[in-house]
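Structure record follows, encoded as structure tokens.
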Amino acid sequence: MHVYSHVFDEFRMVGSEGTSIADEFVQSARWLEMPGCVFQRNDLVLGTEISTRRIIKAGFFVTVVLKRDGQGGPRHAAGRFRYADNTIVVMALREPTLCAGFAPKGAPRCARPAWPFR
């Protein structure tokens, strides 16, 4: 099973040229049997701005941002957020939710544990 299939029904990440850069991010994601979560560390240097579109499964999601700026969240809801240096974003989703985001090029420093509901 692909590690992202634990938390995403659909996942798309593209650079400013419209080409997929998802494979770069997948390499830093790991499924941890104990405590039953996907852990994603992001310390890649982005050579281009990125946009994402994904359907996130129901679950509990945390993003700890040490250095970064951007925006994201549920696509059609008031729950959109902007993130910057030293912020924490937490989402608890009861059902699969379409989300999208944007980040400029640069070197993000963040970590994301995700606990899918089964």
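Quick note: the coordinates plus some simple rules give every number you see, no bench work behind them. Remember, it's a predicted structure, so these values are computed and weren't measured experimentally. For neighbour counting, all protein chains shown are included, and Cβ atoms are generated from backbone atoms with ideal geometry for every residue, glycine included.
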Subject >> For segment 3-116, size of Cβ-based charge dipole, Lys and Arg +1, Asp and Glu -1, in debye >> reply: 280
Original post:
Once fully extended, how much extra length lies between ILE88 and LEU32, figured as 0.36 nm per residue of separation less the alpha-carbon to alpha-carbon distance?
Top reply: 18.0 nm
**OP:** Would you please name the GluC sites (Glu not before Pro) within segment 16-72 that are DSSP coil residues with at most 11 other C-beta atoms within 10 Å of their C-beta?
**Re:** GLU17, GLU33
**OP:** Please report the relative contact order for the chain, taking Cα pairs under 8 Å with a sequence separation of at least 6, and give it as a percent rounded to a whole number.
**Re:** 34
**OP:** Classify segment 1-70 as rounded, prolate or oblate, taking a ≥ b ≥ c as the square roots of the eigenvalues of its Cα gyration tensor: rounded when a/c is under 1.5, otherwise prolate if a/b is larger than b/c and oblate if not.
**Re:** prolate
Subject >> Calculated [θ] (222 nm, deg cm²/dmol) that DSSP helices of n ≥ 4 give over the chain, each run adding -39,500 (n - 2.57) >> reply: -1000 deg cm²/dmol
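Could you tell me the calculated FRET efficiency between VAL3 and SER51, based on Cβ-Cβ distance and R0 = 22 angstrom, to the nearest 0.05?
Step by step, r from the Cβ atoms, then E = 0.55.
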Original post:
Which one of LEU93, CYS110, PRO35 has its Cα pushed farthest toward the positive end of the charge dipole of segment 3-116, where Lys and Arg give +1 and Asp and Glu give -1 at the Cβ?
Top reply: LEU93
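With only alpha-carbon pairs counted, each pair once and no self-pairs, how large is the Kirkwood hydrodynamic radius of segment 3-116 in angstroms?
Computed over Cα pairs of segment 3-116, the Kirkwood hydrodynamic radius comes out at 14.2 Å.
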